[in-house]
Amino acid sequence: MTILVNLIVCLIVGAAGAAAGWSLRGLLGGRASAPNINGDDNENSPEIRRRETEGIIARLQELAEGIAIDVGAHSESVLNASTELQSEEHTKDEVLGVLARVLQANDALTKKLESAEEKLFEQATLIQTAAEEANTDALTGVNNRRCFDKLMAEAQSEFRNDGMPSCVMMMDVDHFKKFNDTHGHQAGDEVLKYVARTLKRKARRYGQVCRYGGEEFAIIFNGSTIEQCMGWAEAARAAIGEGSVEFEGKTLRVNASAGLAQIQAGESFESQVKRADDSLYHAKEAGRNRGFWNDGKASHPMEGSKEAQHEPMDGAEPEWLVGMSTPAGFRDEVKRRVAEWKRGGPTVSIAMLRIDGWMELIASRGSEAADLVQKATVQFLKASVRDMDNIGNMGDGVFCTMFPSARLENTQKIAERLRSAIARCEVPTGNARINFSVSIGVAELNLGDSPELFIERAEGAMNEASSEGGNACIVHDGDQFVCVTRRENVPS
């Protein structure tokens with residue numbers, strides 16, 4: 001009972017906090033953006049969500065009052081029974097009758113509390129889903145300005161603490177006003193949705209797409225230098241001009257200009273965004289429909305889109321890794337799947353894999369041998385999934401695989417077969433052969449999981465498998481770690 005009441009209080013506070021965050025979002029924005037013409041959710045959507053959240057709070061308060069009444073009635077019944085038993089001597093049948101009434105009251109209260117618990121979890125899911133939707137642009141479905149600021153602050157923190165590079169591309173639809181003025185605001189809406197779809201399709205493996213405001217978008221390339229992501233950025237920008245928007249029998253051609261900047265030592269993300277905006281301004285001044293990048297002193301034209309898409313840059317990933325998601329891209333896809341599941345979509349499971357003794361392998365056999373081991377691992381992974389987009393290269397010999405619509409028991413069987421097959425594999429390297437193994441952690445999306453917690457549970461299971469000596473598959477069933485590898489089948 002106490003747990004249920006405390007949970008209700010926490011949910012009410014959380015819901016109220018979410019509502020307050022939405023109502024204050026417009027006041028907290030640090031930069032003026034275009035007027036709210038084409039579905040920008042900075043004004044109307046927060047008010048709608050605030051009212052929805054107030055409705056959730058009201059239902060929780062009503063639920064709390066109902067529980068209090070039920071518990072009070074139960075306590076009164078038990079007290080009456082106790083008083084009746086203490087008042088005078090009773091026959092055996094009378095005592096049994098009183099006990100039967102107490103048991104009946106207990107059973108009734110238990111059923112009501114179970115029903116209340118189910119309703120609580122329903123409201124908790126609604127609150128969590130609403131909180132995630134608060135980070136999503138209502139018109140285009142990509143991350144909104146609020147989420148952009150949060151992601152940029154996280155990237156800045158990772159750069160300061162760990163030296164992780166990060167780039168941001170600011171992009172503006174060229175001559176956007178003419179779509180509204182000539183064809184109406186609905187045409188402008190369709191243009192914005194087209195741009196968002198194109199950017200997500202082209203950049204989801206490498207970065208996170210956001211709508212900054214009005215007709216301005218952004219892509220955050222966390223973990224990438226400007227040399228690594230320039231080709232991706234220009235390819236995403238140029239792809240907008242390669243398609244078109246069909247609206248009321250008309251074909252609308254769309255182009256965009258962009259500016260790219262990498263965070264520098266001692267720089268705030270606001271300063272980084274300003275430099276990217278400066279390069280965006282240079283792109284427009286140079287004739288639009290092009291991209292520029294900023295080195296901290298001046299702006300320069302980006303590589304041409306054809307070269308960016310078809311000619312690999314120095315330091316480009318090996319061919320056998322092409323098509324796999326980056327860590328940021330994989331997390332973004334997990335976030336999308338979690339939001340979809342909470343709206344009634346299919347479940348999803350994750351298997352995270354680490355090549356055992358990765359650093360020792362590099363030290364003893366060299367990076368070329370380690371690459372061959374990685375290549376063999378990727379080949380096994382490709383055979384286990386239908387879509388390369390569902391494999392994330394997390395770095396340092398770690399890969400993450402997503403299994404849409406798969407339950408835990410099915411995913412753990414796939415993971416165990418994968419572990420067993422890899423354990424029997426021999427990788428030829430010159431005159432020698434390398435035997436290697438992997439540790440795998442598996443988790444299925446559970447009620448209450450955030451995207452981060454979902455990934456953390458799979459990672460925790462993988463770490464548990466490694467700590468037990470590796471060459472094992474362990475699942476996190478929501479409560480505990482369970483090893484699914486039969487040790488008698490593991491060669492010593």
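Coordinate-derived values only; no laboratory data. Quick caveat: nothing in here was measured; it's all calculated off a predicted structure. Please note: Cβ atoms are built from the backbone with ideal geometry, for glycine as well, and neighbour counts cover all protein chains shown.
Among beta bridges identified by DSSP and lying wholly in segment 327-489, the antiparallel ones come to about 85 percent.
Here the simple spin-label model places points 7 Å from the Cα toward Cβ, and for ARG343 and THR251 these points are separated by 3.1 nm. For SER437, the amide hydrogen comes within under 5 Å of the amide hydrogens of ASP356, counting only partners 5 or more places away or on other chains and with H modelled in the peptide plane. Excluding same-chain neighbours fewer than eight residues apart, the lysines reachable from LYS111 by a Cα-Cα span under 19 Å are LYS119.
Separation of the alpha carbons by more than 18 angstrom is noted, of LYS193/LYS250; LYS177/LYS284; LYS150/LYS342, for LYS150/LYS342. Taking only the C-alpha atoms of segment 145-316, the Rg (one decimal) and the largest Cα-Cα distance, Dmax (whole number), read 15.7, 53 Å. The Cα-based radius of gyration of segment 157-252, divided by its Kirkwood radius, gives an Rg/Rh of 1.06.
Given R0 = 35 Å, the distance between the Cβ atoms of HIS175 and THR225 translates into a calculated FRET efficiency of 0.60.
Computed extension gain for GLU368 through GLU270, at 0.36 nm per residue and net of the alpha carbon distance, reaches 31.2 nm. With R₀ fixed at 25 Å, the C-beta to C-beta distance from ASP396 to LEU453 puts the FRET efficiency at about 0.70. Scaled against 2.2 N^0.38 Å for its residue count N, the alpha carbon radius of gyration of segment 322-382 is 1.51. With K and R counted +1 and D and E -1, the other residues having a Cβ less than 12 Å from that of THR411 yield a net charge of -1.
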